Amino acid sequence: MKIHRSIKDLREGLREWRMAGERIGFVPTMGFLHEGHMSLVRRAQSGAKRVVVSIFVNPTQFGQAGDLEAYPRDEARDLALLEAAGVDAVFLPQAGEIYPQGDETIVETTRLANILHGQVRPGHFRGVTSVVARLFNIVQPDMAVFGEKDYQQLQVIRRMVRDLHMPVEILGAPTVREADGLAMSSRNVRLCPEDRAAAVVLSQALSVGEAVAAKGAGVEAIRAAIAAKIEAEPRATLMGLDAVHHSDLTEMSGPLSAPLAVMVSAQFSDILLIDQRVIQP
Ligand code: PAF
């Protein structure tokens, strides 16, 4: 596995594969990898001869400097996991490499970035698109894989790629779950045992939503059933519940006329967890 810390070195490393016509898959990450990330790597490996993973804790997508500093990092463990998974190359840049001195260019999906979760974290998706656009320009992959768990992020990236005519195929990979259904997250290890047991309510609530939809419920009733299930769990504080059109994330109401993307977030003590599901009409 090749490890590249500069853009120049990465480009030289990838040249040989590109010249040989080998398809390059890319998985951008912020490190501290878990099984969810490894499933993205496997998805990329199933569609590309070579897989490049980036590890870069992107400062522009964090609201407060404290959150950026507190973000967990474990480079040695990450590299061991990627090596064991058969990844071909890892890109580990410093912030100054990605955002050169005097950098003033931003990339933003102006509507999609500023609705739903974007209202709670202003500037977050602008930071994501600004870094992913740079990473795409640096790596120039044929395809890139993102988790469906961060559903709005996936739609924002799809829109950026479409609007800017970027020659990258974007693949969404399904959320990886613990045996009881809890969506995998690096935050799960920070839950106390009682909160860990209670957190399964998020995936259960989405199943309740799916079940009422199957019986013909409309958007409002689906939303109410999901909220009621989470609110019935005393250890959960419902923070967000969005039920929107699956691709443009616009509001939907009444009978289900298109796939409905449901995104939930809830607080367990001081840990915020998210989950999502697309409910078919
Ligand atoms: O999903 C993430 O880990 C990040 O938002 C990403 C896509 C690597 C951009 O920094």
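The values are calculated or read from the model by the stated rules, or taken from the named source; none is laboratory data. What you are looking at is a predicted structure, and each value in this text was computed from that prediction instead of being measured. Reconstructed Cβ throughout: ideal geometry from the backbone, glycine too, with neighbour counts over all protein chains shown.
Data for the structure
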{"quantity": "Any hit, the stretch 204-221, residues being within 24 Å of G172 (Cα to Cα), part of a loop (DSSP other than H, G, I, E, B) and β-branched (V, I, T)", "calculated": "no"}
{"quantity": "Considering residues of the stretch 120-143 that are surrounded by fewer than 20 Cβ atoms within 10 Å (Cβ to Cβ) and within 25 Å of A48 (Cα to Cα) only, the residue nearest to the ligand (Cβ to nearest atom)", "calculated": "A133"}
{"quantity": "Close pairs (9 angstrom Cβ cut-off, 6 or more residues apart or separate chains): at negative phi and assigned to a helix (DSSP H, G or I) in the stretch 110-131, of a type in the set (F, W, Y) and surrounded by fewer than 20 Cβ atoms within 10 Å (Cβ to Cβ) anywhere", "calculated": "H124/F62; G127/F62; S130/Y99; V131/F56; V131/Y99"}
{"quantity": "Selection count where residues are in a loop (DSSP other than H, G, I, E, B) and more than 9 Å from the ligand (Cβ to nearest atom), scope the stretch 150-172", "calculated": "5"}
{"quantity": "Single unsatisfied condition, G86 versus (1) more than 13 Å from the ligand (Cβ to nearest atom); (2) at positive phi; (3) buried (at least 18 other Cβ atoms within 10 Å of the Cβ)", "calculated": "(3)"}
{"quantity": "Selection from the stretch 3-59 of residues that are within 16 Å of the ligand (Cβ to nearest atom), hydroxyl-bearing (S, T, Y) and closer than 14 Å to A85 by Cα", "calculated": "S39"}
{"quantity": "Which listed residue, of A211, A221, is surrounded by fewer than 18 Cβ atoms within 10 Å (Cβ to Cβ) and within 12 Å of L260 (Cβ to Cβ)", "calculated": "A221"}
{"quantity": "Any chance A243 is of a type in the set (G, A, S) and in a loop (DSSP other than H, G, I, E, B)", "calculated": "no"}
{"quantity": "Condition met for L206 (within 27 Å of R111 (Cα to Cα), buried (at least 17 other Cβ atoms within 10 Å of the Cβ) and either within 13 Å of the ligand (Cβ to nearest atom) or among the hydroxyl-bearing types (S, T, Y) (or both))", "calculated": "no"}
{"quantity": "Extreme residue, modelled with the lowest pLDDT, among residues of the stretch 175-194 that are surrounded by fewer than 12 Cβ atoms within 10 Å (Cβ to Cβ) and under 23 Å from S39 (Cα atoms)", "calculated": "V189"}
{"quantity": "Given (1) touching a Lys or Arg at 6+ places or on another chain (Cβ under 8 Å); (2) over 19 Å from T250 (Cα atoms), index of the condition A113 fails", "calculated": "(2)"}
{"quantity": "Of the criteria (1) modelled with pLDDT under 95; (2) among the small types (G, A, S); (3) not in a helix (DSSP H, G or I), which one G86 fails", "calculated": "(1)"}
{"quantity": "Flag for A261 being under 19 Å from H117 (Cβ atoms) and either within 21 Å of the chain's Cα centre (by Cα) or assigned to a strand (DSSP E or B) (or both)", "calculated": "yes"}
{"quantity": "Scan of the stretch 37-51 for residues that are without any contact (Cβ under 8 Å) to a residue 40 or more places away in the chain and out of contact with any helix residue (DSSP H, G or I) (no Cβ under 9 Å at 6 or more places or on another chain), ordered by number", "calculated": "S46"}
{"quantity": "One residue from V41, V27 being outside any strand (DSSP E or B) and either surrounded by 14 or more Cβ atoms within 10 Å (Cβ to Cβ) or of a type in the set (V, I, T) (or both)", "calculated": "V41"}
